[in-house]
Amino acid sequence: MVKYVIQRLIAAFFTFVVILIVVFFVLHSMPGDIIDFSPKLDPAIREMIMDKYHLNDSLIEQFQYTMADYLHFDFGYSLKVRPGVPVFQCVLERLPVTIQLNYFAAFFILPFGLFFGITMAIKKDTIYDHIAGSFVILLISVPSFVLAALMQYFLGYKLGWFPLVLETEESLSWSKFYSMILPIMALGFGGIASIARTLRAELAEVLTMDFMLLARAKGLNYRQTILRHALRNSCVPLASTFLYLFLGVLSSSLVIEQIFGVPGLSKTLLQSINGKDHWLTMGIIIFYVLIGLLMAILADLSYGVVDPRIRMGGKKDD
């Protein structure tokens, strides 16, 4: 296990470096001046910025200096979106709202996904299974931003049940949580459908296996066989599915935050890309890449946690 974790960490490091190289050169290949400020900008300040970020040097040298700064945890300053504010501070200030939104979306996805997945498997080939399965396919097929726009129009604008945009207050209150219900549902419906479909398929197959009949023959009732045996075997692929689903929620929030006016990290990322604020863009992308690589490693390790019979990194002759 330890050897496997080390191998995955090494692979994640090289993946991280390759992504940084690609992102850096793509951003710096965009047309336009990186520090295209107002003509009123003092030429001395402009020259200081050029010197700090070595913009007069070649792209290769700029990348080397940037990586050296990152090794010293110097992520630079925002030049366009929030001029003069350190990138690390920008990320920390926008991160809580994004975490809150994705946190509530995850807790909305998990119970409902498990409920519909289990009930659909137990009631396989019944009317309930067919109706629920149709809704699952519909929710998987429709993009989250389409659901968000529809819910915002009908539930927020036409019926007036929910606020159209997120409350601007920083602390988490009931009014702010109430304004988060629409974006939470927009982020969560697709995840609920994915978990329900995966769990339904796995659990329906496990329920027909011979060891389930053996468990019933030993005196366990139907509920005990499902909770003690069927669900444990069905959750092996589900563990990694949920972790990768968390990444899907993060990526979906890029658009959802724009629709509902959420002042989170994803909205700041789009503003930095449109404004050619490259250092802020790089800082936010680094955060997302690290989260993605961490989730990938945890997804691999989760197989061994859910089912100890699975050996991580073992060889055939071990």
- Item | Of all residues making up region 143-185, the number that are aliphatic (A, V, I, L, M) and out of contact with any helix residue (DSSP H, G or I) (no Cβ under 8 Å at 6 or more places or on another chain) | 4
- Return only the number of the condition from (1) free of Cβ contacts under 8 Å to residues at least 12 places away in the same chain; (2) within 19 Å of the chain's Cα centre (by Cα); (3) more than 20 Å from SER266 (Cα to Cα) that ASP69 does not satisfy. (2)
- Query: Is there any pair with a first residue in region 188-201 that is more than 11 Å from LEU238 (Cα to Cα) and a second that is assigned to a helix (DSSP H, G or I) and among the aromatic types (Phe, Trp, Tyr) whose Cβ atoms are under 6 Å apart and which are 6 or more apart or on different chains, and what are they?
  - Reply: GLY188/PHE108; ILE192/PHE112
- Query: So ASP74 clears everything in (1) within 30 Å of GLU169 (Cβ to Cβ); (2) of a type in the set (D, E, K, R); (3) at pLDDT 80 or above except one condition, right? Which one?
  - Reply: (1)
- Query: If you go through region 252-263 one residue at a time, how many are at pLDDT 80 or above and open to solvent by less than 10 Å² (accessible area, probe 1.4 Å)?
  - Reply: 4
- Only residues that are of a type outside the set (S, T, N, Q), more than 17 Å from the chain's Cα centre (by Cα) and open to solvent by 40 Å² or more (accessible area, probe 1.4 Å): list them for region 272-290, please. ILE273, LYS276
- Selection over region 47-68 where residues are over 24 Å from ASN274 (Cβ atoms), out of contact with any helix residue (DSSP H, G or I) (no Cβ under 9 Å at 6 or more places or on another chain), open to solvent by 50 Å² or more (accessible area, probe 1.4 Å) and of a type outside the set (Val, Ile, Thr) yields a count of 7
- THR126 versus (1) open to solvent by 50 Å² or more (accessible area, probe 1.4 Å); (2) closer than 23 Å to VAL255 by Cα; (3) out of contact with any Ser or Thr (no Cβ under 9 Å at 6 or more places or on another chain); (4) of a type in the set (Val, Ile, Thr): which is the lone unmet condition? (2)
- From the residues in region 197-251 that are among the β-branched types (Val, Ile, Thr) and over 20 Å from the mean Cα position of the chain (by Cα), which one is modelled with the lowest pLDDT? VAL236
- Query: If you go through region 188-204 one residue at a time, how many are touching a Ser or Thr at 6+ places or on another chain (Cβ under 8 Å) and open to solvent by 10 Å² or more (accessible area, probe 1.4 Å)?
  - Reply: 5
- Restricting region 129-171 to residues that are of a type in the set (Ser, Thr, Tyr) and part of a loop (DSSP other than H, G, I, E, B), the residue that is surrounded by the fewest Cβ atoms within 10 Å (Cβ to Cβ): SER171
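So that you can scan it fast, the table gives a plain yes or no per residue for (1) over 18 Å from VAL81 (Cα atoms); (2) in a helix (DSSP H, G or I); (3) modelled with pLDDT under 80; (4) of a type outside the set (Lys, Arg):
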site	(1), (2), (3), (4)
LYS3	yes, yes, yes, no
LEU9	yes, yes, no, yes
PHE13	yes, yes, no, yes
ILE19	yes, yes, no, yes
VAL22	yes, yes, no, yes
VAL26	yes, yes, no, yes
ASP33	no, no, yes, yes
ASP36	no, no, yes, yes
ILE45	no, yes, yes, yes
- Query: Does LEU166 meet the test of being touching a Phe, Trp or Tyr at 6+ places or on another chain (Cβ under 6 Å), in contact (Cβ under 8 Å) with a residue 60 or more places away in the chain, at negative phi and not acidic (Asp, Glu)?
  - Reply: yes
- Message: I'm trying to understand the selection: among the residues of region 75-95, which are of a type outside the set (A, V, I, L, M, F, W, C), within 25 Å of the chain's Cα centre (by Cα) and surrounded by fewer than 15 Cβ atoms within 10 Å (Cβ to Cβ)?
- Response: GLN89
- Could you run through region 72-109 and say how many residues are in contact (Cβ under 8 Å) with a residue 40 or more places away in the chain, under 24 Å from ILE19 (Cβ atoms) and aromatic (Phe, Trp, Tyr)? 3
- Message: Among the residues in region 168-178, are any out of contact with any strand residue (DSSP E or B) (no Cβ under 9 Å at 6 or more places or on another chain), at pLDDT 85 or above and not β-branched (Val, Ile, Thr)?
- Response: yes
- Task: For LEU293, indicate whether it is over 28 Å from SER179 (Cβ atoms) and buried (at least 18 other Cβ atoms within 10 Å of the Cβ).
- Result: yes
- Item | Looking only at region 172-184, and only at residues there that are part of a helix (DSSP H, G or I) and of a type outside the set (S, T, N, Q), the one that is farthest from VAL255 (Cα to Cα) | TRP174
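The values are calculated or read from the model by the stated rules, or taken from the named source; none is laboratory data. From a predicted model like this one, the values you see are computed outputs, not experimental measurements. Cβ atoms come from the backbone with ideal geometry, glycine included; neighbour counts cover every protein chain shown. Note: accessible area is taken over every heavy atom of the protein model, side chains too, but ligands, DNA and RNA are not part of it. Shrake-Rupley method; radii C 1.70, N 1.55, O 1.52, S 1.80 Å.
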